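Just so it is clear, none of the values below were taken in a lab; they were calculated from the coordinates. If you're wondering where the values come from, they're calculated on a predicted model, not measured in any experiment. Every residue, glycine as well, gets a Cβ built from its backbone with ideal geometry; the counts of neighbours run over all protein chains shown.
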Amino acid sequence: MALVACVQMRSTASVDDNLAQVESGVARAAARGAILVATPENTTLLSTPADKVARAEPLDGPTHRRLGEIAARHGVWLLVGSVAERCDATRCYNTSLVFDSGGQLVAHYRKIHLFDIDLPDGTRHAESAHVAPGSGVVVVDTPVGRLGLSICYDLRFPELYRRLVDAGAEIISVPSAFTMTTGRDHWHVLLRARAIETQCFVLAPAQEGAHGPGRQSYGHSLVVDPWGTVLAECADGPGLALAEIDVARVAAIRASMPVGRHRRL
């Protein structure tokens, strides 16, 4: 068994304030014995599109090095849900980072599916206007199991998760900043569905609350087991969702219900 933690945050346009939230959440999780700690999408910066592009950094940028230092200081593996990674003059990547317990960057994943939507309540997002899509599937070995990476809107595309399982994933991360409208109706059901169909643990750290005029995140960070059972969930406000996981349960469920071998398409 291994303890994992999802840090629920309310990120802002202040990188220093956001890093302080990460430090606090990681410290609390490490004190409880967590081996792997995960933070939400837009961990280091939640701002306007233009500001995000202007302040994007390369993978070895100073903000990202500070994240590695947090992992090393507390001796945990740290999945940073996403940062703004430099791409070009008009766009950045929305990128997950994985640091080992020594603070080394061991994997990164660039969000593939971009959030371009117009909701009935007037909510509009056009992520592709300032974010370049990634293309590669990423699975990384960690002390708690093989971790497959995804980000937020990716959750609606089950073919990505099938690819992650084919690459050996036993745990799937879905760091997110779901809107209130979509979160209320879709968050729990989609996460549980991905867990059930992939027979993986799912770690879903989330942004929560108001980030400024016109932007509010749903929250409810979750840890879900391969049977679709919610093991831990955050209430409103910043917090931690902590759960013990054992990838032997993944193997047992896949052996008793071998849906992977039953695929016809």
Which one of G228, F201, V174 is farthest out on the positive end of the charge dipole of region 145-231, using unit charges on Cβ (Lys, Arg +1; Asp, Glu -1) and the Cα centre as origin?
-> V174
If you take the charge dipole of region 2-256 about its Cα centre, with +1 on Lys and Arg Cβ and -1 on Asp and Glu Cβ, which of Q104, A132, L79 is farthest toward its positive end?
-> Q104
Sequence-separation-based contact order of the chain, relative, with Cα cut under 8 Å and 6+ spacing, percent | 20
In nm, to one decimal, how far is the R86 label point from the A252 one, both placed 7 Å along Cα→Cβ?
-> 4.9
FRET efficiency estimate (nearest 0.05) - Cβ-Cβ, V189 to R261, R0 25 angstrom | 0.45
Share of antiparallel DSSP beta bridges in the chain, in percent to the nearest 5?
-> 70
Grab the DSSP H runs of the chain that are 4 residues or longer, score each as -39,500 (n - 2.57), total them, divide by all residues and round the 222 nm result to the nearest 500 deg cm²/dmol.
-> -8500 deg cm²/dmol
So which helices of the chain fit the span-like rule, where a helix is a whole DSSP H run, its Cα atoms reach 15 Å or more along the axis, and its mean Kyte-Doolittle is at least -0.5?
-> 15-31, 180-198
